[in-house]
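The values are calculated or read from the model by the stated rules, or taken from the named source; none is laboratory data. Predicted, not measured: the structure shown is a model, and the values here were computed from it. So basically every Cβ, Gly included, is an ideal-geometry build from the backbone, and we count neighbours across all protein chains shown.
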Amino acid sequence: MSNKTPLFNQHLACGGKMVDFAGWNMPLNYGSQLDEHQAVRRDAGMFDVSHMVVVDLQGAKVKAFLQKLLANDVAKLKQSGKALYSCMLQQDGGIIDDLIVYYLNEQNFRMVVNAGTRDKDLTWIEKQAAAFDIIVTERADLAMIAVQGPNARAKAHAAMTAAQADAATSLKVFMGLESEGLFIARTGYTGEDGYEIMMPAEQATAMWQALLVQGVSPCGLGCRDSLRLEAGMNLYGSDMDENISPLEASLNWTVAWQPAERDFIGRQALEAQRDKGGLRQFVGLVLQDKGVLRAHQQVMLNGHIVGVTTSGGFSPSLERSIAFARVTAEVADKCQVAVRGRDLTCKVVKPPFVRHGKICVELN
């Protein structure tokens, strides 16, 4: 039986169509995925992301531990609340998970990992932490609501106490802070501004209701996927997994090669891949013909298979189908994707497709 977040009854009250997602009973939509998508692009929408796994890490050697564990370097984090996006790798460079880590102080960090990888992530983290004497605490007592869109911050402030709103107003992008029981982070997974707000589970219903009063639209998994696809954001298990390294997932920017002496897990494998060359490229596709791009479709060039789509779907903002694909280096401006026995023409672009409500690619 699927787990239920503290907001399960709120989803039912709002007319949520519930589905199983990574072992959780979550809303796919509340009636119209398209309307929810546009609410986030044009106004403000909210998502229950309480299924995500929040892990607190404590110890005198916690920074050294995370410098070993993650491909990105937490030594970059100097200010309390500063966030960092990183991959956690196997020794062979395959991605165990992608995550966000927050620097709280020299002995305290907070990490948010994916729900679908919870068990393997915690097992891996605890195994690696043993040598550093780190306390690993899963915060199952917390709920999390993401509020996203051009008006998201203003509407979220109106749902907070005066002190919380005042504190949040000064937050810069990719920063978080604690205020009166909330951990408010200016982060998200939609390509729009907004917050991801963590709170004690028993406070989640009141926050959800307060956001509803401010006109924030409830949004489900369906539009969360179309929003992140438009925003050029990878989905673990689709665009990357344990068989893919960051170098073939367009996540080179998340690998901190300096300082050279930092021996993070997977470094030697990544260096070997980088030096050998011949890596596949991770690109965006904009469909030029009629049809719909989906994951696991063959990418063709001059009649030969040169790759595969990893995510795909209809883009409400572009009003056409888009996809991510992992392809050989020979793919340049155009390619074809095999869809139901037809090779459909696609324009090759560099994601993101849409950010902050603006189209970022040429469509034709």
| request: State which residue is surrounded by the most Cβ atoms within 10 Å (Cβ to Cβ) when the search covers only the range 197-221 and only residues that are under 20 Å from Asp141 (Cα atoms) and of a type in the set (Val, Ile, Thr). | output: Ile197
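Considering Gly191, Gly93, Gly149, Gly181, which residue is over 23 Å from Ser217 (Cα atoms) and in contact (Cβ under 8 Å) with a residue 40 or more places away in the chain?
Numbers: Gly191 fails: over 23 Å from Ser217 (Cα atoms); Gly149 fails: over 23 Å from Ser217 (Cα atoms); Gly181 fails: in contact (Cβ under 8 Å) with a residue 40 or more places away in the chain.
That would be Gly93, the only listed residue that is over 23 Å from Ser217 (Cα atoms) and in contact (Cβ under 8 Å) with a residue 40 or more places away in the chain.
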| query | Does Ala165 qualify as being within 28 Å of Ile359 (Cα to Cα), assigned to a helix (DSSP H, G or I), in the same structural domain as Glu230 (by TED's automatic domain parsing) and modelled with pLDDT of 95 or more? | reply | no
| remark: For the range 66-76, the count of residues that are under 20 Å from the mean Cα position of the chain (by Cα) and under 19 Å from Lys172 (Cα atoms) equals 1
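One residue is enough: does the range 257-265 have a residue meeting the conditions touching an Asp or Glu at 6+ places or on another chain (Cβ under 6 Å), at pLDDT 95 or above, in the same structural domain as Gly45 (by TED's automatic domain parsing) and outside any strand (DSSP E or B)?
Filtering the range 257-265 down to residues touching an Asp or Glu at 6+ places or on another chain (Cβ under 6 Å) leaves none.
Checked against the condition, which is being touching an Asp or Glu at 6+ places or on another chain (Cβ under 6 Å), at pLDDT 95 or above, in the same structural domain as Gly45 (by TED's automatic domain parsing) and outside any strand (DSSP E or B), the range 257-265 yields no hits at all.
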| task | Among the residues of the range 22-32, write down those that are without any contact (Cβ under 8 Å) to a residue 40 or more places away in the chain and in a loop (DSSP other than H, G, I, E, B). | result | Gly31, Ser32
| Residue list for the range 33-51, filter: crowded, with 24+ Cβ neighbours inside 10 Å, closer than 21 Å to Lys4 by Cβ and hydrophobic (A, V, I, L, M, F, W, C) | Met46, Phe47
| task | Determine which member of the set Leu270, Leu229 is in a helix (DSSP H, G or I), more than 21 Å from Pro27 (Cα to Cα) and not polar (S, T, N, Q). | result | Leu270
| remark: Restricting the range 6-32 to residues that are under 19 Å from the mean Cα position of the chain (by Cα) and surrounded by 15 or more Cβ atoms within 10 Å (Cβ to Cβ), the one modelled with the lowest pLDDT turns out to be Ala22
| task | Confirm whether Val19 is in contact with a Pro (Cβ under 9 Å, 6 or more places away or on another chain), farther than 11 Å from Pro218 by Cβ and in a strand (DSSP E or B). | result | yes
| message | Could you go through the range 291-311 and let me know if any residue there is within 19 Å of the chain's Cα centre (by Cα), in contact (Cβ under 8 Å) with a residue 60 or more places away in the chain and closer than 25 Å to Val113 by Cβ. | response | yes
| query | Only one residue in Lys120, Lys78 is closer than 23 Å to Ala269 by Cα, in contact (Cβ under 8 Å) with a residue 24 or more places away in the chain and out of contact with any strand residue (DSSP E or B) (no Cβ under 6 Å at 6 or more places or on another chain). Which one? | reply | Lys120
| field | Count of residues meeting criterion [surrounded by 14 or more Cβ atoms within 10 Å (Cβ to Cβ) and more than 26 Å from Ala39 (Cα to Cα)] in the range 271-309 | value | 19
